[in-house]
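Participant: Just dropping this structure here.
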Amino acid sequence: MTDRPFVLDDLHRVVTPTETAISPDGTVVVFVRSEIVAGKATTSLWAVSRDSQARRLTAGPADSAPRFSPDGTSIAFLRKVGDSAQLHLIPLAGGEAETLTTAASLPLGAGAPVWSPDGNAIAFAAVISRSDSADPNAPIVTDRLGYKVDGAGWLGTFRRHLHTVDLETKAVRRLTDGDWNADVPSWSPDGTALAFTANLEPDSDLNLTFSAYRILVDDLSVPPQRLGHATGVQAPHCGTRKEIRLSPSAPLRSVSEPPTDPSVRPRTN
């Protein structure tokens, strides 16, 4: 401790835990440690339990979004490689991180991982280009209002869509496509479907609404099915404003419909 006033250089000494993930049995927390190392912002994964000191899992320097596997033995996470964040996997016991996705299949990077119930696949939302043109000076043609984002600029043909990666083969599949954006998915309890929110409706760019949808993972010939009629939806036990979570004891529904299971509590704020 010191009585001297806080100075600007002290910011380099501040270490903060940010994102967290709790193991399925509730005994271990994996968190992202954010700090300044050699003048650069660095993030790495650490693990801690009630009976142990925090220990480092990864060296960073740009690791984020940890998610436990269903059996609690592994952690999927994002690591920035070059200009894009890619999915990686590391055992909770420690060891070298395994690469799951690369810039070859996802040049713009992957999104936060969402484990399938059986632990054999991971779903995520990722930005892709819907154009085959490599000309950065090609004209931008749009008929919707969502053509530009503050801080990012012109969107052009870039859209966010759902993907899965098979943990055994490392094969990446794109599950959705179209002139719209899909948000973070959630698996159905049996692993056959994904629920997500999207601005898929024709006038969603005018009224800024998101609705809930479902897709069948193994039958992409079936288009996304809208769940209910609500817009601007929020879901039971959601972690973010537009994330959908499915309850094992409740059918897929829009959260505007009251759940029949009292353990499922929709958020209304």
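Participant: Run down the aspartates and glutamates and flag those whose C-alpha is under 19 Å from the C-alpha of LYS170, throwing out any fewer than 8 positions away in its chain.
Facilitator: Hits, sequence-local ones excluded: GLU96, GLU98, ASP118, ASP218.
Participant: Also, I was wondering about something else. Could you compute the FRET efficiency for ASP118 and TRP154, with r as their C-beta to C-beta distance and R0 at 30 Å, rounded to 0.05? Intermediate results must be reported in sequence, preceding the final value.
Facilitator: Working: r = 40 Å, r/R0 = 1.35.
Once rounded, the FRET efficiency stands at 0.15.
Participant: Please list the three semi-axes, largest first and in whole Å, of the ellipsoid equivalent to the stretch 1-85, using sqrt of 5 times the eigenvalues of its alpha carbon gyration tensor.
Facilitator: Ellipsoid semi-axes (Å, largest first): 27, 18, 8.
Participant: Now for a separate question. What distance in nm separates the simple spin-label points at THR209 and ASP51, each placed 7 Å from Cα in the Cβ direction?
Facilitator: Calculated label separation equals 5.4 nm.
Participant: FRET efficiency for THR99 and ARG4, Cβ-Cβ distance as r, R0 = 41 Å, nearest 0.05?
Facilitator: Efficiency at R0 = 41 Å is approximately 0.35.
Participant: Let me ask something else about it. If packing is taken as the average count of other Cβ atoms within 10 Å, what order do 72-80, 112-120 fall into, highest mean first?
Facilitator: Numbers: 72-80: 21.3, 112-120: 18.1.
In decreasing order of mean packing, 72-80, 112-120 become 72-80, 112-120.
Participant: How large is ³J(HN,Hα) for each residue in the stretch 179-186, as worked out from phi by the Karplus curve 6.51 cos²θ - 1.76 cosθ + 1.60 (θ = phi - 60°), to whole Hz, x for Gly and Pro?
Facilitator: For the stretch 179-186, the Karplus-derived couplings read 8, 7, 10, 9, 9, 3, x, 9 Hz, x marking Gly and Pro.
Participant: Applying the Karplus parametrisation 6.51 cos²θ - 1.76 cosθ + 1.60 with θ = phi - 60° to the phi angles of the stretch 162-172, what ³J(HN,Hα) value in whole Hz is obtained for each residue in order, glycine and proline being reported as x?
Facilitator: 7, 9, 10, 10, 7, 6, 7, 9, 6, 6, 9
Participant: Continuing with the same structure: Taking the convex hull of the Cα atoms, report for the stretch 84-128 its projected area averaged over all directions, in nm².
Facilitator: Details: hull surface 14.3 nm².
It is 3.6 nm².
Participant: Further question: Assuming 0.36 nm per residue, please report the length gained on full extension of the stretch LEU145 to VAL81 beyond their Cα-Cα distance.
Facilitator: 19.8 nm
Bear in mind that the values in this text are calculations on the coordinates, not laboratory data. Quantities reported herein were computed from a predicted structural model and do not represent experimental measurements. Cβ: placed from backbone, ideal geometry, glycine included. Neighbour counts: every protein chain shown.
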